[in-house]
1. Hey, among the residues in the range 54-77 that are open to solvent by less than 50 Å² (accessible area, probe 1.4 Å), closer than 22 Å to LEU151 by Cβ and in a loop (DSSP other than H, G, I, E, B), which one's modelled with the highest pLDDT?
2. For the range 59-92, what are the residues that are within 10 Å of the chain's Cα centre (by Cα) and in contact (Cβ under 8 Å) with a residue 40 or more places away in the chain?
3. Name every residue in the range 119-172 that is open to solvent by 60 Å² or more (accessible area, probe 1.4 Å), closer than 17 Å to LEU53 by Cβ and among the acidic types (Asp, Glu), in order of residue number.
4. Does GLU49 satisfy the criteria of being modelled with pLDDT of 90 or more and either buried (at least 20 other Cβ atoms within 10 Å of the Cβ) or within 19 Å of ILE144 (Cβ to Cβ) (or both)?
5. Let me confirm something: among SER92, SER98, which residue is within 26 Å of ALA182 (Cα to Cα), open to solvent by less than 40 Å² (accessible area, probe 1.4 Å) and of a type in the set (S, T, N, Q)?
6. Can you pull out the residues in the range 101-116 that are open to solvent by less than 60 Å² (accessible area, probe 1.4 Å) and either without any contact (Cβ under 8 Å) to a residue 40 or more places away in the chain or in contact with a helix residue (DSSP H, G or I) (Cβ under 6 Å, 6 or more places away or on another chain) (or both)?
Amino acid sequence: MLLPSRLPHYPRLTWLAPFTLLAGCTGVPEGTQPVSDFRIDHYLGQWYEIARLDHGFEEGLECVTAEYSRRDDGDIRVINRGYDPAEQRWESAEGRASFVGDPDVGHLKVSFFGPFYAGYSVLALDDSYQHALVAGPDRDYLWILSRDPVLDAPTYTALVSRARELEFPVDELIQVSQDPQACQRTGDVGEAPG
């Protein structure tokens, strides 16, 4: 959807943006439990979005990645990036995350807008930190992430099955294109390639 030109442009790719407006919404979906023995230093780095429950802020985006790194203040820098083929441009949003409680539990809060945070719960994670099932504060937000742009079918199926067990609407999951040729497009964020 195009906004009138007199309105400021805000990047859509603020994954948790719609529910960061609900101050204090840093919980986990009812009946779920974030992973324990979580090691943030193993989680840092780039993740590819393999599938998601779609929302307007990510609608139509391909080649979506999330990059996590340490900030000087000890929090986590979050950079989400995706390509909008309709607009022929990259979109990006930077946020910050911190632990809600113990740092060995995969339950963080993420903000893209000042003091407003939303829950970010790692619900499933393999021992080698190669794939993850991540939820927002309720069952409307779910992502399957991988360290590689392609996730093998048995692992994908297992993650979808786990999400189904947790009563997420897995029939609404969309798979995100991570086509290597398409994802190597050039151009600055917010600009169409020249």
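The values are calculated or read from the model by the stated rules, or taken from the named source; none is laboratory data. Since the model is a prediction, treat every value here as computed from it, not as a measurement. For neighbour counting, all protein chains shown are included, and Cβ atoms are generated from backbone atoms with ideal geometry for every residue, glycine included. These area figures cover heavy atoms from the full protein model, side chains too; ligands, DNA and RNA do not enter into them. Shrake-Rupley method; radii C 1.70, N 1.55, O 1.52, S 1.80 Å.
1. Top of the filtered list is LEU61.
2. Pass one, the range 59-92, residues within 10 Å of the chain's Cα centre (by Cα): 64-67, 78-81.
Hits for the range 59-92 are VAL64, ALA66, ASN80, ARG81.
3. Answer for the range 119-172, where residues must be open to solvent by 60 Å² or more (accessible area, probe 1.4 Å), closer than 17 Å to LEU53 by Cβ and among the acidic types (Asp, Glu): ASP140, GLU165, GLU167, ASP171, GLU172.
4. Numbers: modelled with pLDDT of 90 or more: yes; either buried (at least 20 other Cβ atoms within 10 Å of the Cβ) or within 19 Å of ILE144 (Cβ to Cβ) (or both): yes.
So GLU49 fits the description; yes.
5. Working: SER98 fails: within 26 Å of ALA182 (Cα to Cα).
Within the list SER92, SER98, the selection yields SER92.
6. Once the filter is applied, which keeps residues that are open to solvent by less than 60 Å² (accessible area, probe 1.4 Å) and either without any contact (Cβ under 8 Å) to a residue 40 or more places away in the chain or in contact with a helix residue (DSSP H, G or I) (Cβ under 6 Å, 6 or more places away or on another chain) (or both), the range 101-116 yields GLY101, LEU108, SER111, PHE112, GLY114.
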